[in-house]
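Below is one structure. I have some questions about it.
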Amino acid sequence: MGVSELIIKAILVVVIFAISLVVAMYSTYAERKIAAFLQDRVGPNRAGPWGLLQPLADGGKMFMKEEIIPTRASGFLFIVGPALAIMTACIGSAVIPWGQKIVAGNTVIDLQVTDINVGILYIFGVVSLGVYGIMIGGWASNNKYSLLGAIRAASQNISYEISMGLSIIALLMVTGTLSLKEIAEQQHGWHWNVIYQPFGFLLFLVCAFAETNRSPFDLPECETELVGGYHTEYSSMKLGFYLFAEYINMFISSAVMATLYWGGYNYPGMDWVTAHVGPVIGPLIGTAVLFAKIFLFIFFFMWVRWTIPRFRYDQLMDLGWKALIPLAITNIVITGAWITIYDKFFK
Amino acid sequence: MEPLSNKRKVLEVKPLTLAERAYLPAILGGLKITIKHFFKKPVTIKYPEEKREFSENFRGMHSLKRDENGAERCTACGLCALSCPAEAITMTAAERQKGEENLYREEKYAAVYEINMLRCIFCGLCEEACPKEAIYLDGDIVPSDMLRKDFIYGKDKLVEAPLNQ
């Protein structure tokens, strides 16, 4: 790997990191605006034009607030918790292909930080690490409500990770690869995986809601039963990091869903467009398309949040273990049967 | 048990259909309802810029009225203070001097007239008690302030502006 390539990768890392932070920041604004519109209100509109500076004001307020560490809390772990949560949320973006290769003269810029051939496994590993942030935070607070919230979060994430993995297996049987880059390339044009795996996508979507702790599965932060959940004892920007990590997670999981099932940066007629606008602008349009899909998913996350009430905890576990896992296995069996029949008779 | 009326209904517990157990149709129904609201006009009134229209009988800040010649109507009879259940009104009466006929309508007038806006409950009994039609609660909302003493409104804030100025 040459020096120029290293520099390009470094720039890409910084850009993606910045984009995830900005998207997460403005997701909080979007969340409030969408909530307002769904409830016939206006939402934040005082800071700047249309309230666009609201996230900055919120962030400033978070930093200014007094930081309280409970006396009996485990000091080191108390600080590590939110750091771990936001770190694991951020590193997931490393394997997502953000666009096609940009060819400008002799330099080829690959819009993906690293194309490891176990991309999906990497994503799963990172997602399961995210539980540690919540678990450590809840444990270090030395508060029984926080601990209960953390235990809920851990058991919920582990339960739904199983069905998530199973729903992915059916997809992997169709694509035959674990590399996200290859999966994205296979969906060239309109051969999106959601056409071949609609049911698997549905299962994955439900699990993604549970994994990101979004409503209706936001049980780790049940105000009514658990005071505030795992972040009860947190204040100032440490609380901010936990909330922020949720929005970054939402962004990354939207990106994963768009890449795995909804064609990533592919769109119908992209070859024609690329041939007409050149090899630099073409891939960038693809990236814009990917971001449009991601924003649609984020909107969907919020739309659902302001529609559906929270699940009860036993209902959540019932759904995860008694419904989603059997359904995912059924999906695997049906997919396997279909692939076998297809290979035997139609090829 | 014998039913008392024929209105009694037998509660039926039907097993859930597959669609009901799958949740998703119900969730889609909910999503349809909320997205309709997304395109509705917000009902918010953006307060400092837009103001809500008050009803006809809204009771706002008090004002001490003048008569058609511009003289103060209040004769410091004290009936408003007497009728006030919150005891928010205090006043000191004074006698009208020669040459002040254009200022005060009657021989007696209120030299000091104070309403404690923190005590006032805007019941409107002072309005009703006044025999001279001198006090009305026809003003705006009482503005906010930082100090308690600033909420004791004297004649400078209560008396209506003079006629020709």
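The values are calculated or read from the model by the stated rules, or taken from the named source; none is laboratory data. Please read all numbers here as calculations on a predicted model, not as lab measurements. Glycine also receives a Cβ, built like all others from the backbone with ideal geometry; neighbour counts cover every protein chain displayed. Quick note on the areas: whole protein, heavy atoms, side chains included, nothing else; ligands and nucleic acids left out. Shrake-Rupley method; radii C 1.70, N 1.55, O 1.52, S 1.80 Å.
Inside segment A:195-222, can you point out the residues that are farther than 19 Å from A:Met302 by Cα and open to solvent by less than 20 Å² (accessible area, probe 1.4 Å)?
Answer for segment A:195-222, where residues must be farther than 19 Å from A:Met302 by Cα and open to solvent by less than 20 Å² (accessible area, probe 1.4 Å): A:Gln197, A:Gly200.
Is it true that A:Glu225 is surrounded by fewer than 18 Cβ atoms within 10 Å (Cβ to Cβ), of a type in the set (Asp, Glu) and at pLDDT 85 or above? So that I can check it myself, show each step before the final result.
Details: surrounded by fewer than 18 Cβ atoms within 10 Å (Cβ to Cβ): yes; of a type in the set (Asp, Glu): yes; at pLDDT 85 or above: no.
No.
For A:Tyr247, indicate whether it is away from chain B (no Cβ under 14 Å), touching a Pro at 6+ places or on another chain (Cβ under 8 Å) and outside any loop (DSSP other than H, G, I, E, B). Write out each step before concluding.
Details: away from chain B (no Cβ under 14 Å): yes; touching a Pro at 6+ places or on another chain (Cβ under 8 Å): no; outside any loop (DSSP other than H, G, I, E, B): yes.
Spelling it out, it is not the case that A:Tyr247 is away from chain B (no Cβ under 14 Å), touching a Pro at 6+ places or on another chain (Cβ under 8 Å) and outside any loop (DSSP other than H, G, I, E, B).
Of the numbered conditions (1) modelled with pLDDT of 85 or more; (2) of a type in the set (A, V, I, L, M); (3) more than 17 Å from the chain's Cα centre (by Cα); (4) more than 22 Å from A:Tyr313 (Cβ to Cβ), A:Leu147 satisfies every one except a single condition; which is it?
(4)
I would also like to ask the following. Tell me, which helices (runs of 4 or more DSSP H) lie completely within segment B:1-102 with 2 or more residues that are within 14 Å of chain A (Cβ to nearest Cβ)? Break it down stepwise before answering.
Numbers: elements: B:18-21, B:24-38, B:79-83.
In segment B:1-102, B:18-21, B:24-38 are the helices (runs of 4 or more DSSP H) which contain 2 or more residues that are within 14 Å of chain A (Cβ to nearest Cβ).
Which of the numbered conditions does A:Trp262 fail, given that it passes all the others? Conditions: (1) in a helix (DSSP H, G or I); (2) modelled with pLDDT of 85 or more.
(1)
Please count how many residues of segment B:115-165 are open to solvent by 60 Å² or more (accessible area, probe 1.4 Å) and part of a strand (DSSP E or B).
2
Give just the number: which of (1) within 25 Å of A:Val304 (Cα to Cα); (2) within 14 Å of chain B (Cβ to nearest Cβ) does A:Pro55 not satisfy?
(2)
Identify, from the list A:Trp306, A:Trp262, the residue that is open to solvent by 30 Å² or more (accessible area, probe 1.4 Å), in contact with a helix residue (DSSP H, G or I) (Cβ under 7 Å, 6 or more places away or on another chain) and within 14 Å of chain B (Cβ to nearest Cβ).
Values: A:Trp262 fails: within 14 Å of chain B (Cβ to nearest Cβ).
Selected residue: A:Trp306, the only one of A:Trp306, A:Trp262 that is open to solvent by 30 Å² or more (accessible area, probe 1.4 Å), in contact with a helix residue (DSSP H, G or I) (Cβ under 7 Å, 6 or more places away or on another chain) and within 14 Å of chain B (Cβ to nearest Cβ).
Sticking with this one: Look through segment B:1-38, keep the residues that are in contact with a Phe, Trp or Tyr (Cβ under 8 Å, 6 or more places away or on another chain) and of a type in the set (A, V, I, L, M, F, W, C), and return whichever of them is most open to solvent (accessible area, probe 1.4 Å).
At the first step, the residues of segment B:1-38 found to be in contact with a Phe, Trp or Tyr (Cβ under 8 Å, 6 or more places away or on another chain) are B:31, B:34-35, B:37-38.
When the remaining residues are screened for being of a type in the set (A, V, I, L, M, F, W, C), the result is B:31, B:35, B:38.
Numbers: B:Leu31: 9, B:Ile35: 38, B:Phe38: 53 Å².
In this case the residue turns out to be B:Phe38.
If you go through segment A:309-335 one residue at a time, how many are open to solvent by 60 Å² or more (accessible area, probe 1.4 Å), away from chain B (no Cβ under 14 Å) and of a type in the set (A, V, I, L, M)?
3
Let me spell it out: the conditions are (1) modelled with pLDDT of 90 or more; (2) among the hydrophobic types (A, V, I, L, M, F, W, C); (3) part of a loop (DSSP other than H, G, I, E, B); (4) surrounded by 11 or more Cβ atoms within 10 Å (Cβ to Cβ), and B:Val112 meets all of them except one. Which number is the exception?
Exception for B:Val112: condition (3).
Next question, about the same structure. Which members of segment A:28-46 meet the condition of being assigned to a loop (DSSP other than H, G, I, E, B) and either away from every other protein chain (no Cβ under 14 Å) or in contact (Cβ under 8 Å) with a residue 24 or more places away in the chain (or both)?
A:Gln39 - this is the single residue of segment A:28-46 that is assigned to a loop (DSSP other than H, G, I, E, B) and either away from every other protein chain (no Cβ under 14 Å) or in contact (Cβ under 8 Å) with a residue 24 or more places away in the chain (or both).
Does segment B:147-164 include one or more residues that are in contact (Cβ under 8 Å) with a residue 60 or more places away in the chain, within 25 Å of B:Arg52 (Cβ to Cβ) and β-branched (Val, Ile, Thr)?
No, because not a single residue in segment B:147-164 is in contact (Cβ under 8 Å) with a residue 60 or more places away in the chain, within 25 Å of B:Arg52 (Cβ to Cβ) and β-branched (Val, Ile, Thr).
For segment A:74-87, check the following and say yes or no: at least one residue is hydrophobic (A, V, I, L, M, F, W, C), more than 26 Å from A:Asn157 (Cα to Cα), assigned to a helix (DSSP H, G or I) and under 25 Å from the mean Cα position of the chain (by Cα). Lay out the reasoning, then the answer.
First pass over segment A:74-87, keeping only residues hydrophobic (A, V, I, L, M, F, W, C): A:76-80, A:83-87.
Cutting the leftovers down to more than 26 Å from A:Asn157 (Cα to Cα) gives us none.
Within segment A:74-87 (the criterion being hydrophobic (A, V, I, L, M, F, W, C), more than 26 Å from A:Asn157 (Cα to Cα), assigned to a helix (DSSP H, G or I) and under 25 Å from the mean Cα position of the chain (by Cα)), the answer is no, since none of the residues qualifies.
I'm told B:Asn57 meets every condition in (1) in contact with a Leu (Cβ under 7 Å, 6 or more places away or on another chain); (2) free of Cβ contacts under 8 Å to residues at least 40 places away in the same chain; (3) open to solvent by 100 Å² or more (accessible area, probe 1.4 Å) except one. Can you identify the failing condition by its number?
Among (1) in contact with a Leu (Cβ under 7 Å, 6 or more places away or on another chain); (2) free of Cβ contacts under 8 Å to residues at least 40 places away in the same chain; (3) open to solvent by 100 Å² or more (accessible area, probe 1.4 Å), B:Asn57 violates only (1).
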